[in-house]
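The values are calculated or read from the model by the stated rules, or taken from the named source; none is laboratory data. Nothing here was measured: the structure is a model prediction, and the numbers come from that model. As a convention, Cβ positions derive from the backbone with ideal geometry for all residues, glycine included, and neighbour counts pool all protein chains shown.
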Amino acid sequence: MKMILLGAPGAGKGTQAEVICDTLHIPAVSTGNILKEAVRKGTELGVKAKGFMDAGQLVPDDLVISIIKERLAEPDCAGGFILDGFPRNVQQAQALEELGVAIDLVLDIEVADEDIMRRLTGRRVCASCGASYHTAFKPSKAEGVCDRCSGELIVRADDAPETVAKRLTVYHEQTEPLKDFYEAKGKLAIVQGQEEVADTTKLVLDTLSRYGG
Ligand code: AMP
């Protein structure tokens with residue numbers, strides 16, 4: 001099964017990718033995670049990508065396409081994979097076709113913009129140990145202080161409200177057209193993202209079993 005998870009940033013693609021990964025025993029490939037790791041390590045790729053990411057913009061296509069090309073050539077992807085966060089625009093989807101990748105299913109997780117705003121702007125991470133929290137859904141015991149190491153809890157640059165708004169605009173303008181792109185190919189399935197992760201997971205797994213996953 002070669003599948004794509006579509007959906008706005010914060011729709012829960014990463015979380016659902018993990019579940020699908022465990023269910024179908026295929027790797028999840030997240031360009032966002034690969035890029036964040038590169039930024040953290042300060043590699044050449046990370047240095048090139050950081051400014052775009054902090055501003056809530058897409059990293060240039062040539063960079064992400066070469067990441068995907070390399071990653072999908074690794075042996076663990078031979079039996080299928082889940083793409084989380086790629087493609088992000090029609091050019092990237094076309095590049096995937098040019099690489100000879102035939103996608104079986106595109107699963108779109110729909111969440112309203114105001115819910116995305118609430119989810120992402122409430123996220124906090126510990127500046128020292130990286131533990132993650134949420135002001136509404138997973139608060140720390142003392143406000144602004146990590147339960148684990150007493151480090152300071154901060155808002156990641158790309159979770160700041162103005163950056164989330166920018167990421168949502170980019171999503172609607174550049175990524176959402178992919179729904180029509182894949183619908184025209186008969187590959188699109190839509191799941192309504194639920195408040196509870198487990199409820200969304202159930203819908204995702206139901207959809208997968210309908211498509212032979
Ligand atoms: P994500 O965790 O998927 O939201 O990705 C974090 C950031 O990485 C995004 O806001 C983009 O700046 C960048 N990024 C991730 N995937 C892509 C992609 N396929 N194309 C361009 N930029 C990407």
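Taking the options Asp104, Asp108, name whichever one is surrounded by fewer than 18 Cβ atoms within 10 Å (Cβ to Cβ) and touching a Lys or Arg at 6+ places or on another chain (Cβ under 9 Å). Explain how you work it out, then say what you get.
Numbers: Asp108 fails: surrounded by fewer than 18 Cβ atoms within 10 Å (Cβ to Cβ).
Going through Asp104, Asp108 in turn, just one is surrounded by fewer than 18 Cβ atoms within 10 Å (Cβ to Cβ) and touching a Lys or Arg at 6+ places or on another chain (Cβ under 9 Å): Asp104.
With the condition kept exactly as written, say whether any residue in the range 94-105 is within 16 Å of the chain's Cα centre (by Cα) and touching a residue at least 24 places away in the same chain (Cβ under 8 Å).
No: the range 94-105 contains no residue that is within 16 Å of the chain's Cα centre (by Cα) and touching a residue at least 24 places away in the same chain (Cβ under 8 Å).
Identify, please: which residue in the range 176-213 is of a type in the set (Ser, Thr, Tyr) and surrounded by 18 or more Cβ atoms within 10 Å (Cβ to Cβ) and is, among those, farthest from Pro9 (Cα to Cα)?
Initial filter on the range 176-213 (of a type in the set (Ser, Thr, Tyr)): 182, 200-201, 207, 209, 211.
Those left that are additionally surrounded by 18 or more Cβ atoms within 10 Å (Cβ to Cβ): 182, 200-201.
Numbers: Tyr182: 19, Thr200: 16, Thr201: 17 Å.
Top of the filtered list is Tyr182.
I'd like to know if the range 127-143 contains one or more residues that are closer than 18 Å to Val39 by Cβ and within 14 Å of the ligand (Cβ to nearest atom).
Within the range 127-143, one or more residues are closer than 18 Å to Val39 by Cβ and within 14 Å of the ligand (Cβ to nearest atom).
The rows are residues; the columns are (1) free of Cβ contacts under 8 Å to residues at least 60 places away in the same chain; (2) under 19 Å from Leu83 (Cα atoms); (3) of a type in the set (Lys, Arg).
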{"position": "Ala157", "(1), (2), (3)": "no, no, no"}
{"position": "Pro161", "(1), (2), (3)": "yes, no, no"}
{"position": "Tyr171", "(1), (2), (3)": "no, yes, no"}
{"position": "Pro177", "(1), (2), (3)": "no, yes, no"}
{"position": "Asp180", "(1), (2), (3)": "yes, yes, no"}
{"position": "Leu188", "(1), (2), (3)": "no, yes, no"}
{"position": "Val191", "(1), (2), (3)": "no, yes, no"}
{"position": "Gln194", "(1), (2), (3)": "yes, no, no"}
{"position": "Ala198", "(1), (2), (3)": "yes, no, no"}
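Looking only at the range 31-69, filter to residues that are of a type outside the set (A, V, I, L, M, F, W, C) and surrounded by 20 or more Cβ atoms within 10 Å (Cβ to Cβ); which one of those is nearest to the ligand (Cβ to nearest atom)?
As a first pass, look at the range 31-69 and keep what is of a type outside the set (A, V, I, L, M, F, W, C): 31-33, 36-37, 40-44, 46, 48, 50-51, 54, 56-57, 60-62, 66, 69.
Within this subset, residues satisfying the condition of being surrounded by 20 or more Cβ atoms within 10 Å (Cβ to Cβ) are 31, 56.
Numbers: Thr31: 4, Gly56: 6 Å.
Ranking the qualifying residues of the range 31-69, first place goes to Thr31.
Kindly indicate whether Lys179 is in a helix (DSSP H, G or I) and of a type in the set (D, E, K, R).
Details: in a helix (DSSP H, G or I): yes; of a type in the set (D, E, K, R): yes.
Taking the combined requirement at face value, the residue satisfies it.
Six or more apart or on different chains, Cβ atoms under 6 Å: show the pairs whose first residue is in the range 81-92 and closer than 15 Å to Ile103 by Cβ and within 6 Å of the ligand (Cβ to nearest atom) and whose second is in a loop (DSSP other than H, G, I, E, B) and of a type in the set (A, V, I, L, M).
Matching pairs, first to second residue: Arg88/Leu58.
Pairs needed: first member in the range 49-71, touching a residue at least 40 places away in the same chain (Cβ under 8 Å) and under 25 Å from Pro161 (Cα atoms); second member anywhere, β-branched (Val, Ile, Thr) and more than 8 Å from the ligand (Cβ to nearest atom); C-beta distance under 6 Å; at least 6 residues apart or different chains.
Between residues of the range 49-71 that are touching a residue at least 40 places away in the same chain (Cβ under 8 Å) and under 25 Å from Pro161 (Cα atoms) and residues that are β-branched (Val, Ile, Thr) and more than 8 Å from the ligand (Cβ to nearest atom), the close pairs are Gly56/Thr163.
Considering only residues that are touching a His at 6+ places or on another chain (Cβ under 9 Å) and in a strand (DSSP E or B), look in the range 109-153 and name the one that is modelled with the lowest pLDDT.
Arg123
Of Asp158, Asp147, Asp108, which residue is farther than 30 Å from Gly79 by Cα and within 18 Å of the chain's Cα centre (by Cα)? Before you say what the answer is, go through the steps one by one.
Numbers: Asp147 fails: within 18 Å of the chain's Cα centre (by Cα); Asp108 fails: farther than 30 Å from Gly79 by Cα.
Answer to the check: Asp158.
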